[in-house]
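One structure is given here, and the rest of the page talks about it.
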Number of protein chains: 2
Amino acid sequence: MRGGKPTIDDVAALSGVARATVSRVLNGGPNVREEVRQRVLKAVDKLQYKVNMQARFLAGGKTQVLGLVYASDLDSEPNSFYHSGLELGALRGCAEAGFQLLMHTVNQHSLGKTAKIIELVDSRRCDGLILTPPFSDDCDLLRELEARNCPVVCISPGLAAQKVASGVGIDDEVAGYEMTRYMLSLGHKKFGFIKGLEGHLSAEERYSGFRRAIAEAGIGEADVTVMRGNFTFRSGVDLTAAILGNGHRPSALICANDDMAVGALFSAHKVGLNIPQDLSIVGFDDTPVSEIIWPPLTTVNQPLKTIGYRAVEMIVERIKAGKTASGPLPVRFDVVPHKVVMRESASPPQG
Amino acid sequence: MRGGKPTIDDVAALSGVARATVSRVLNGGPNVREEVRQRVLKAVDKLQYKVNMQARFLAGGKTQVLGLVYASDLDSEPNSFYHSGLELGALRGCAEAGFQLLMHTVNQHSLGKTAKIIELVDSRRCDGLILTPPFSDDCDLLRELEARNCPVVCISPGLAAQKVASGVGIDDEVAGYEMTRYMLSLGHKKFGFIKGLEGHLSAEERYSGFRRAIAEAGIGEADVTVMRGNFTFRSGVDLTAAILGNGHRPSALICANDDMAVGALFSAHKVGLNIPQDLSIVGFDDTPVSEIIWPPLTTVNQPLKTIGYRAVEMIVERIKAGKTASGPLPVRFDVVPHKVVMRESASPPQG
DNA sequence: CCCGTCATTGGAAGCGCTCTCAATTCCTGC
DNA sequence: GCAGGAATTGAGAGCGCTTCCAATGACGGG
């Protein structure tokens, strides 16, 4: 033991068996006499022996670590609510599966963004990766990872990425469609839509759903105003101001996420509009603010924790498969249920 | 190379040197002829060789991984803004220091909460730990960790913990004091204070600062109402309702965090109060909502990202010291600057 | 009572890298 | 041209654990 922490050999020595036997006991292997097992366990306890994962994994060629990658740069702060939700769910999943979660952020505008992620797996730091938007839409990255045989699960990937790697998420197109249908059902006929950052395909899907519903309802191009924001409160404020200043004012404004919707609310308040009487405003995500703000925001709830949890389940599944079976698991996309949450920021249009 | 990934031996073979030499080149060791270095580098490049961290760390006895621990249970959702801020800062620090960040949540009410954290270091999963409240106040845990010689840095520890382990944070007592002084300067004479969860000593410090300012101002016990919340919006709502229903209404309400302040705002609005004319409400933390809410919340900003970043710096420092020097580094507490952010939820009392 | 089986157990070869220490080579200065 | 010392380089011993394979022992059938 040489003063340091006890090793498996110390346990073996103390219990009078071979190292291999201790290993068997530790890993619940078969073919160990009960009496021997007890003897080993007693030694483990007496020595306060703890497996050195570092060594176990070197020998076993794994790490029991999953990487969760998300984007962060100085201009667009990551949405903390969104990421915390996913993280919490993932953490729960990891705890159950006996994995650890390694966080990794990369500036999506940096040149070596892909390299940094790839290195994580090349240097054997983790057994699998969970990618969040917009990385979950980076097909090149996905393919590189696949070439390295690295299990990957994407959070809310767009259609293209869904063909390349497995993913989890809500059906954004349907969510956008349903939300729009709801607004339509309230009697709205003139719409505004604030899109999110380009490249976030899942947010773009919400827009597709919106278009589908609009088209079905026979609403003409002249009655819809579309703008592109960047998911921030600020952009919601600015774009809404632009939309409202524009004369041909919509009666319903749909935003691709809550932050922008809250910005819209802010802007509308500022010009003296009553919400929802004068303008219905709705968002996406159901972040905590949407409940706190006045009026409470009608929005779409997506079960972030469930998504994070499911992502871990899926990836663990793939990791196991990778080591058991021969052929790689087929790519799949798991849809988790979303829900339109009706609060008070949307109502039938006045007059 | 046997089909798998190239190893250091493959590089050694290809470049015609010994394994040790390749290692030296890889680690920037001295005493390698330039010509040899180039040869090795070329082989590395040609083979697309990547160090297997797993192996490097087993040999070196380190992991280059830092653990960030935070509490989470089902009843009290962790404050995503708070944790994301710290995490982001820590992540940035890790990236610069060449470390990875392992996240770990533990239910603070579970029995084995300490064991789970200890195991993280016992099983050699990380080289150091960053503890957030309330774990940063768990002196028993801190001592156990110290016994294991595990570098630890606490985020916003209370006075007791500051003596046991190093930490970073703002000076909460002074922050509470300053905020109260500010309210006093506005002319308030009757106060309400909503405390946070018991055991979160740093939040308790804010209260101490409040008491100090109140005492200095010669305000009597009869003019302050104190309640204990649990940091949630809900508790802010409920406790404020209680305070307002109580007759002897304060003109200023100070909450130990923003969520509760927002709840207070909500409750006050509900009973028809004008904020800040009828009641000034202030919080702590400067979360994003505080800017979005109406009226914008006067609060105390603490630089979370800086704190997270600094925590990593400190821990890396300790890790290096642990391996170089003999004596352990002295315990220290780094104070980062906070700032009272004056917005519109506080004003001189009416009448 | 002997031999094939099967449950147990031990031995030893790695996993891929770091690091100590000895061997070798290269320069100096005289 | 050669000794002494510094600069390089190579060999090999781990780091602590998993796992393949051979060895041992017990048992039941012939």
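The values are calculated or read from the model by the stated rules, or taken from the named source; none is laboratory data. Since the structure is predicted, the reported quantities are computational estimates derived from the model, not experimental observations. Here Cβ is always computed from backbone atoms with ideal geometry, including for glycine, and neighbour counts include all displayed protein chains. Heavy atoms of the whole protein, side chains included, go into the accessibility calculation; ligands, DNA and RNA do not. Shrake-Rupley method; radii C 1.70, N 1.55, O 1.52, S 1.80 Å.
Charging the Cβ of each Asp and Glu at -1 and of each Lys and Arg at +1, and nothing else, the dipole of the range B:171-304 about its Cα centre rounds to 500 debye.
Both numbers refer to the Cα atoms of the range A:118-175; Rg and Dmax are 11.5, 40 Å. Computed extension length for B:Glu146-B:Met342: 66.5 nm, one decimal, from 0.36 nm per residue of separation with the Cα-Cα distance subtracted.
Relative to the isolated chain, which residues of the range A:121-157 have their accessible area cut by 50 Å² or more in the presence of all protein chains (1.4 Å probe, heavy atoms, no ligands or nucleic acids)? Output list: A:Asp122, A:Ser123, A:Arg124, A:Arg125. Take the Kirkwood radius over Cα pairs of the range B:11-80, plug it into Stokes-Einstein at 37 °C and 0.692 mPa s, and you get 220 µm²/s for translational diffusion.
Here the alpha carbons of the range A:172-301 define both size measures, Rg and Dmax, at 12.9, 35 Å. Computed from Cα atoms alone, the Kirkwood hydrodynamic radius reported for the range A:1-128 is 17.7 Å. Give me the dipole magnitude in Debye, nearest 20, for the protein assembly as shown about the Cα centre, with unit charges on the beta carbon: positive for Lys and Arg, negative for Asp and Glu. Dipole of the protein assembly as shown, to the nearest 20 debye: 2680 debye.
In this assembly, the A-B interface accounts for approximately 4100 Å² of buried accessible surface in total, computed with a 1.4 Å probe and without ligands, DNA or RNA. Under the convention that each Lys and Arg Cβ holds +1 and each Asp and Glu Cβ holds -1, the size of the dipole of the range B:8-51 around its Cα centre is about 40 debye. Rolling a 1.4 Å probe over the protein heavy atoms of the protein assembly as shown, with every protein chain left in place, gives an accessible area that is 53 percent carbon and sulfur.
Hey, if you put +1 on the Cβ of every Lys and Arg and -1 on every Asp and Glu Cβ in chain A, which of A:Gly89, A:Ile194, A:Ser72 ends up farthest toward the positive end of that dipole? Going by the Cα projections, it comes out as A:Gly89. The protection proxy used here, the mean number of other Cβ atoms lying within 10 Å of each residue, ranks peptides A:191-199, B:7-15, A:336-344 as follows, highest first: A:191-199, B:7-15, A:336-344.
Solvent-accessible surface of the range A:282-351, taken per residue with a 1.4 Å probe and all protein chains present: 47 Å². Largest first, the three principal axis extents of the alpha carbons in the range B:90-223 are 56, 36, 23 Å in whole numbers.
Build a GNM of chain A with springs between Cα atoms under 10 Å apart, and of A:Met314, A:Met53, A:Met179 the one that fluctuates most is A:Met53. Each peptide in B:65-71, B:170-176 receives the mean, over its residues, of other Cβ atoms within 10 Å, and ordering these scores from highest gives B:65-71, B:170-176. When every Cα-Cα distance of the range A:266-314 is counted in 10 angstrom steps from zero, the calculated P(r) takes the values 23, 38, 21, 12, 5 percent. Remark on A:Thr225: its backbone amide H falls under 5 Å from those of A:Phe191, A:Gly192, A:Phe193, a criterion applied only to residues 5 or more positions apart or on other chains, H modelled at 1.01 Å from N. When the convex hull of its Cα atoms is viewed from all sides, chain A shows a mean projected area of 22.1 nm². When the charge dipole of the range B:96-199 is built from unit charges on Cβ atoms (+1 for Lys and Arg, -1 for Asp and Glu) and taken about the Cα centre, the candidate among B:Leu184, B:Pro151, B:Ile130 whose Cα reaches farthest toward its positive end is B:Leu184. All distinct Cα pairs of the protein assembly as shown go into the 1/r average, and the inverse of that average, the Kirkwood radius, is 27.9 Å.
Once you divide the Cα radius of gyration of the range B:243-335 by 2.2 N^0.38 Å, the number left is 1.67. Averaged over the residues of A:100-106, the number of partner chain Cβ atoms lying within 10 Å of the residue Cβ comes to 6.
Pairwise inverse Cα distances across the range A:8-51, averaged and inverted, put the Kirkwood hydrodynamic radius at 9.9 Å.
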